[in-house]
Amino acid sequence: MEELLEILNDLDPDIDYTTEKNLIDGKCLDSLTILTLITEICNTFDISIGPKWMRNENFNSAEAMWNMICAIKDEE
């Protein structure tokens, strides 16, 4: 989780990722930032985020992203 928080803080240090629950729905992250985030997650955690994972609820919070990463790693 610490690595994920580092990625997020590098993208936008003004957001409190430990409490924010609407990163996508609340438009805290723009589309370019989201693309960068997905690339960084894939590279850092050596996973591939397929279409079934590309849902707002998987990116609305750091916790949701971490749960998604763990689920993808479990599948692989």
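Quick note: the coordinates plus some simple rules give every number you see, no bench work behind them. From a predicted model like this one, the values you see are computed outputs, not experimental measurements. Cβ atoms come from the backbone with ideal geometry, glycine included; neighbour counts cover every protein chain shown.
Summary of computed values
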{"read-out": "Rounded to 10°, Cα long-axis angle of helix 2-11 versus longest principal axis of the chain", "value": "50"}
{"read-out": "Between helix 31-45 and the chain: long-axis angle, C-alpha atoms, 0 to 90°, nearest 10", "value": "40"}
{"read-out": "Principal-axis tilt of helix 62-75 within the chain, Cα atoms, nearest 10 degrees", "value": "10"}
{"read-out": "Net charge of Cβ neighbours under 15 Å - reference SER48; Lys, Arg +1; Asp, Glu -1", "value": "-3"}
{"read-out": "Efficiency of FRET between THR18 and GLU75 - r from beta-carbon atoms, R0 35 angstrom, step 0.05", "value": "0.85"}
{"read-out": "Spread of Cα-to-Cα distances over 10 Å intervals beginning at zero, given as percent, for the range 2-75", "value": "19, 62, 18, 0"}
{"read-out": "Cβ-based exposure ranking for THR36, THR19, in which fewest neighbours within 10 Å come first", "value": "THR19, THR36"}
{"read-out": "The chain, dipole about Cα centre (Lys/Arg Cβ +1, Asp/Glu Cβ -1), debye to the nearest 20", "value": "360"}
